[in-house]
Amino acid sequence: MRPFDELTRLGKVRRFRRLAELALDSFGLTGACLKFITLAGNAVYRVFAPGSQTHISENDLFEQDQYLLRIHDRREQASDAIRLEMEWLTAIRGDTGLPVPEPVFTLDGKSLIKVFAPGIPDKRDVTLLRWMKGRFMGNNIRPHHFRAQGLLMAQLHNHAERWQPPRGLSKRRFDPDGLFKDDAGAGLPNSEAWALLPENYLKPFEVVARKTALVMKELGKGPDVYGLIHGDCGVDANVLFHKGEARVIDFDGSGFGYYAYDLSLALEHCWDNKEHLRYRDALLDGYAEFRTGVDSKLKHMDLFLAAFYVYMGLWTVAVEKVYPDAPGHPQRRQRWLERGLRYIESR
């Protein structure tokens, strides 16, 4: 059998499909249909189980008998980080009923299992979530969508402020060490990636990193400013809408960070849009309905978005160093570096 790392993308997808089929047995879904979605780090499949006769109204949050199965990339997250994500989602659903993914447990009560399949090195972490109803708005996004997103983000931050994570489980951190020094899934610590930055990006990125470290130190890490956050909550990627309600998916990249940082990322995709100020005002208007201190968060959002661009610049040059033959990396690196520098220079 050909070594896994020598397979084409299609070859890897075929072997992952077999692993996904084996995993379904543990969830009592043997024989369910699998539809491949993507292989971008994690291998992701949509699962269609044999339909039941139970009536589910169109207003329900999840599609009946449909699930999202993830085969997790070993390089991106440790098992404990994935367990923490599943614990957090379970708590959000149980404590608040907010529209976030709902973990599905195995027949013996596990939210994460390790599965081995022939031709794939080592056991892989697998999780299963219910499939959420909703659609991406794309070019149809309007200020009221941002307001709905702000309403939801405030309630998620309120829950994170109160919820106590289980002992022994950890996740990545969106603080100065996590953003600018530690390994962020590229296989190379960001502290080493600084030396790989092109010279014209180095000085402005260093200035942002220093300012960010000072502000975050001043803010501290009290539960009112810092806790578990989604970390990629944008209407361009991970926010669905159903009858006007915002619904957030893909908590895979979540971690511990500043709530103002989480808010800043909600506007990353549209800061250069002519409607940006209307979108920002709508987001914060919705957020203020459930959470105070919006004005204090606003003064840090520009800096925190700049910090995100520094992190992405470091991540992309690290990825290109570690995986030089991977297709598309040079173009992606240049896009992120240029967009980040344009943002920093525009502030």
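The values are calculated or read from the model by the stated rules, or taken from the named source; none is laboratory data. Note that the structure is a prediction, hence the values are computed from the model and not measured. Glycine gets a Cβ as well: all are built from the backbone with ideal geometry, and neighbour counts include every protein chain shown.
Side notes on the structure shown:
- Restricting 257, 244 to residues that are modelled with pLDDT of 95 or more and either of a type in the set (A, V, I, L, M) or within 25 Å of residue 98 (Cβ to Cβ) (or both) narrows the list to 257.
- Residue 279 vs. criteria in contact with a Cys (Cβ under 7 Å, 6 or more places away or on another chain), in a helix (DSSP H, G or I), touching a residue at least 24 places away in the same chain (Cβ under 8 Å) and closer than 27 Å to residue 138 by Cβ: yes
- Hits in segment 145-171 - residues which are surrounded by fewer than 18 Cβ atoms within 10 Å (Cβ to Cβ) and not in a helix (DSSP H, G or I): 163, 164, 165, 166, 167, 168, 169, 170
- Checking 231, 187 one by one, the residue that is surrounded by fewer than 16 Cβ atoms within 10 Å (Cβ to Cβ) and part of a loop (DSSP other than H, G, I, E, B) is 187 and no other.
- Within segment 310-347, the set of residues being closer than 17 Å to residue 265 by Cβ, in contact with a Leu (Cβ under 8 Å, 6 or more places away or on another chain) and buried (at least 20 other Cβ atoms within 10 Å of the Cβ) comprises 310, 311, 313, 314, 316.
- The number of residues in segment 234-266 being of a type outside the set (A, V, I, L, M, F, W, C) and in a loop (DSSP other than H, G, I, E, B) comes to 9.
- Residue match in segment 38-49 (condition: farther than 29 Å from residue 315 by Cβ, polar (S, T, N, Q) and surrounded by 15 or more Cβ atoms within 10 Å (Cβ to Cβ)): no
- For residue 213, the requirement of being more than 22 Å from residue 88 (Cβ to Cβ), more than 20 Å from the chain's Cα centre (by Cα), at pLDDT 95 or above and among the small types (Gly, Ala, Ser) is met.
- Condition check for residue 239: surrounded by 14 or more Cβ atoms within 10 Å (Cβ to Cβ), touching a Cys at 6+ places or on another chain (Cβ under 7 Å) and either in contact (Cβ under 8 Å) with a residue 24 or more places away in the chain or within 28 Å of residue 281 (Cβ to Cβ) (or both): yes
- Sole exception among (1) free of Cβ contacts under 8 Å to residues at least 60 places away in the same chain; (2) in contact with an Asp or Glu (Cβ under 9 Å, 6 or more places away or on another chain) for residue 309, by number: (1)
- Here is the figure for segment 1-55: residues that are assigned to a loop (DSSP other than H, G, I, E, B) and basic (Lys, Arg) total 1.
- Qualifying residues in segment 134-144 (those that are assigned to a loop (DSSP other than H, G, I, E, B), surrounded by fewer than 19 Cβ atoms within 10 Å (Cβ to Cβ) and more than 18 Å from the chain's Cα centre (by Cα)) - the one modelled with the lowest pLDDT: 137
- Matching entry among 76, 63, 85 (being of a type in the set (Asp, Glu), buried (at least 20 other Cβ atoms within 10 Å of the Cβ) and outside the structural domain of residue 288 (by TED's automatic domain parsing)): 85
- Residues in segment 288-297 that are touching a Leu at 6+ places or on another chain (Cβ under 7 Å) and touching a residue at least 24 places away in the same chain (Cβ under 8 Å) were compared, and the one that is surrounded by the most Cβ atoms within 10 Å (Cβ to Cβ) is 297.
- From 208, 215, residue being in contact with a His (Cβ under 7 Å, 6 or more places away or on another chain) and either in a helix (DSSP H, G or I) or surrounded by fewer than 16 Cβ atoms within 10 Å (Cβ to Cβ) (or both): 215
- Scan segment 113-131 for residues that are under 20 Å from the mean Cα position of the chain (by Cα) and not in a strand (DSSP E or B) and the total you get is 0.
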